[in-house]
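Below: the structure, in structure tokens.
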Amino acid sequence: MSGKNDAAKTGKIAVWWDMKDCPVPEGIDDHRVRPSIEGAFKEQGYSGPVSITAYGDQKQTPEHVLRALSSTGVAVVHIGSESTCAVMYLDMVKWREDNPPPATMMIITNQMLDVFNWDLARLQQRTSYNIFLAYSIRPVAALFVYTRKEWLWEKLLHGTTSTSVDTAGELSTVFHCEFCSLDCQSVKSFKKHLSTKKHAIEEVLNPQPTQLISVTKRWGKNYAATPEYATAKIHVSWDMSECPIPDGYDARRVRPSLEGAFKELGYSGPVSITAFGDHKQTPERHLHALSSTGIDVAHALPEFIYSRMFDDLKQWRDNNPTPTTMMIISDGAEILLGGCLARLKQLKKYNLFWAYSFRPWKMSVMLTSAEWLWDSLLAETKRHVLRKCSGSSESVVESTGMFYCKMCFSKRKRLDKFVKHLSSKKHISEEEERMFSREQAVEESCLVEVEKL
């Protein structure tokens, strides 16, 4: 990843600027826009060529502002304010198609959270660019899009500039009218065009999109394995509380069911599985059956399962370089882990599988290569029911999976030792203490929010 990032530092940098959301503040010379942006990049170690495109209703932009921007090589696009984000995004997608990584994108807007966030995060999970962001108003929530650096727009313009700029004349910068698909080479001809009757008619007859057109919603699921992932490692993190073992189902069939589904898509790499749950409530026969097929068992109270699953996935990812595949079996993955996993995928590329007990009502921000309904995933092997009761005629299979307590952060090799630990006073005390600490943290967080109000 570091090598790729080093290459990006000398690669192309494209900047898309929403002039309505982030105008040049009063008192700041419009000539400072380009050198301020280039100076900010140089402070981050980026020295590649920078292209900047400014979007807005340019009929409202004073001529001296357009002239100042043009003199520093900033391209200008005329578009209605209500269509700015949609047109900017179409241009971003086109630029990505023409400029493969390593390269860098910068977006200057207040609409990242509400407009660009979801689809751009999914694009980034497939093909990752270095992304920078500037805004005049800080987003009120965490973004799905992983950004290398964020700036307040006014602070960026007050920052270090790259070089002194000669403002005497215009550079050969294009002025583009999106409604008429027309390019002008000077401020004068551009302003004249925007005032014509022909242009006014085109604005009515050729309206531009006002809603962002999602690129990734058309992407399918359950893709066949690509060569780089076909034999790579696969790690499964399974929430047994939300996707339990069905009644009458032989728990020993979970692993072969998963491996069979993977092989149907062309994945044949080694599979590791960790089953999370409140295992004081899990029948011992299930724990033994899972362990006998090499599935690790991890105990955590329901309130802690997602944080422990995320820690497990992150640690495994850090210890296993790409190409690798991770799978999460859980209904709440999108709500509680979706943003975190989407950001992880942008930082380090890996395949992601997902299984759930009911189909999500909307497409996830997590970009998956395959998804299954939990019951249908196991359906092929549901006929393998437990036909024998425990008795002398049934051989005892040695446990090969580990037993972890994610509340005490300890592990056991034997099921009997694990069960004994879960019922011990020390373990019960540890759970109570962690629950108390969690409730206290939640209460303090609520008080902080109340004080803010």
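Antiparallel DSSP bridges in the range 129-274: what percent, to the nearest 5? Please list the in-between numbers first.
Details: 3 of 11 bridges.
Roughly 25 percent of the beta bridges in the range 129-274 run antiparallel, per DSSP.
From the helices alone, meaning DSSP H stretches of at least four residues, give me the mean residue ellipticity at 222 nm for the chain, per-run term -39500 (n - 2.57), in deg cm²/dmol to the nearest 500. The partial results should precede the final answer.
Working: 16 runs with 165 residues, N = 453.
The helix-only estimate for the chain comes to -11000 deg cm²/dmol at 222 nm.
Quick one: which residues, 5 or more positions from residue 52 or on another chain, have an amide H under 5 Å from its amide H? H modelled 1.01 Å from N in the peptide plane, none for Pro or chain starts.
Amide H neighbours of residue 52: 15, 75.
Provide the percentage of antiparallel DSSP beta bridges, counting only those with both residues in the chain; round to the nearest 5.
Details: 6 of 61 bridges.
Counting only bridges with both partners in the chain, antiparallel ones make up about 10 percent.
Starting with the highest mean, order 107-118, 89-100 by the number of other Cβ atoms within 10 Å, averaged over the residues of each peptide. Spell out each step's value before the answer.
Details: 107-118: 21.2, 89-100: 14.9.
Put in order of decreasing packing, that is 107-118, 89-100.
Please list, ordered by chain and number, the residues whose modelled amide H lies under 5 Å from the amide H of residue 151; skip anything fewer than 5 residues away on the same chain.
133, 134, 135
Once fully extended, how much extra length lies between residue 136 and residue 93, figured as 0.36 nm per residue of separation less the alpha-carbon to alpha-carbon distance?
13.1 nm
When the Karplus curve 6.51 cos²θ - 1.76 cosθ + 1.60 is applied with θ = phi - 60°, which whole-Hz ³J(HN,Hα) does each residue of the range 221-227 get, with x for Gly and Pro?
10, 6, 6, 5, 4, 7, x
Taking N as the number of residues in the chain, what is its alpha-carbon radius of gyration divided by 2.2 N^0.38 Å?
Details: Rg = 27.8 Å, N = 453, 2.2 N^0.38 = 22.5 Å.
Relative to the 2.2 N^0.38 Å estimate, the chain comes out at 1.24.
Check residue 236: other-chain or 5+ apart residues with amide H under 5 Å from its amide H, H built from backbone geometry?
The answer is 272, 273, 274, 327.
Could you go through the range 12-28 in sequence order and give the Karplus-derived ³J(HN,Hα) for each residue, using 6.51 cos²θ - 1.76 cosθ + 1.60 with θ = phi - 60°, rounded to whole Hz, and x for Gly and Pro?
Computed from phi, the couplings for the range 12-28 are 5, 10, 10, 10, 10, 10, 8, 6, 6, 5, 10, x, 6, x, 4, x, 10 Hz.
What list of ³J(HN,Hα) values in whole Hz, one per residue of the range 363-369 in order, does the Karplus curve 6.51 cos²θ - 1.76 cosθ + 1.60 (θ = phi - 60°) give from phi, with Gly and Pro shown as x?
5, 7, 5, 6, 8, 9, 8
Relative contact order of the chain, please, whole-number percent, based on alpha carbon pairs below 8 angstrom and at least 6 residues apart. Intermediate values should be presented prior to the final figure.
Numbers: 752 pairs, mean separation 66.2, N = 453.
It comes to 15 percent, rounded to a whole number.
Can you give me the distance in nm between label points at residue 211 and residue 435, each placed 7 Å from the Cα along the Cα-to-Cβ direction?
With each label point 7 Å from Cα toward Cβ, the separation is 4.6 nm.
Given a 1.4 angstrom probe, I'd like the percentage of the accessible area of the chain that is carbon and sulfur, rounded to a whole number. Present the calculation step by step, with values, prior to reporting the outcome.
Details: 11850 of 22530 Å².
For the chain, the apolar C and S fraction of the accessible surface comes to 53 percent.
Could you tell me whether the range 1-115 comes out rounded, prolate or oblate from its Cα gyration tensor? Rule is a ≥ b ≥ c as square roots of the eigenvalues, rounded for a/c under 1.5, then prolate if a/b exceeds b/c, otherwise oblate.
Note, shape of the range 1-115 comes out oblate.
I'm a student and want to see the number: the projected area of the Cα convex hull of the range 180-224, averaged over all directions, in nm².
On the way: hull surface 22.3 nm².
Mean projected area of the Cα convex hull: 5.6 nm².
Between beta-carbons, use under 11 Å as the cut-off and find the net charge around residue 23, counting Lys and Arg +1, Asp and Glu -1.
Cβ neighbours under 11 Å give a net charge of -4.
In square angstrom, what is the accessible area per residue of the chain with a 1.4 angstrom probe?
Numbers: 22530 Å² over 453 residues.
Dividing the accessible area of the chain by its residue count gives 50 Å².
Order the peptides 208-219, 71-82, 142-153 from the highest to the lowest mean number of other Cβ atoms within 10 Å of their residues. Mind dumping the intermediate values first?
Numbers: 208-219: 13.2, 71-82: 19.8, 142-153: 17.8.
Top to bottom by mean Cβ count within 10 Å: 71-82, 142-153, 208-219.
The values are calculated or read from the model by the stated rules, or taken from the named source; none is laboratory data. Every value quoted in this text rests on a predicted model; they were computed, and no experiment measured them. Neighbour counts run over all protein chains shown; Cβ positions are idealised from the backbone, glycine included. Heads up: the accessible areas ignore ligands, DNA and RNA and are worked out on the full protein's heavy atoms, side chains in. Shrake-Rupley method; radii C 1.70, N 1.55, O 1.52, S 1.80 Å.
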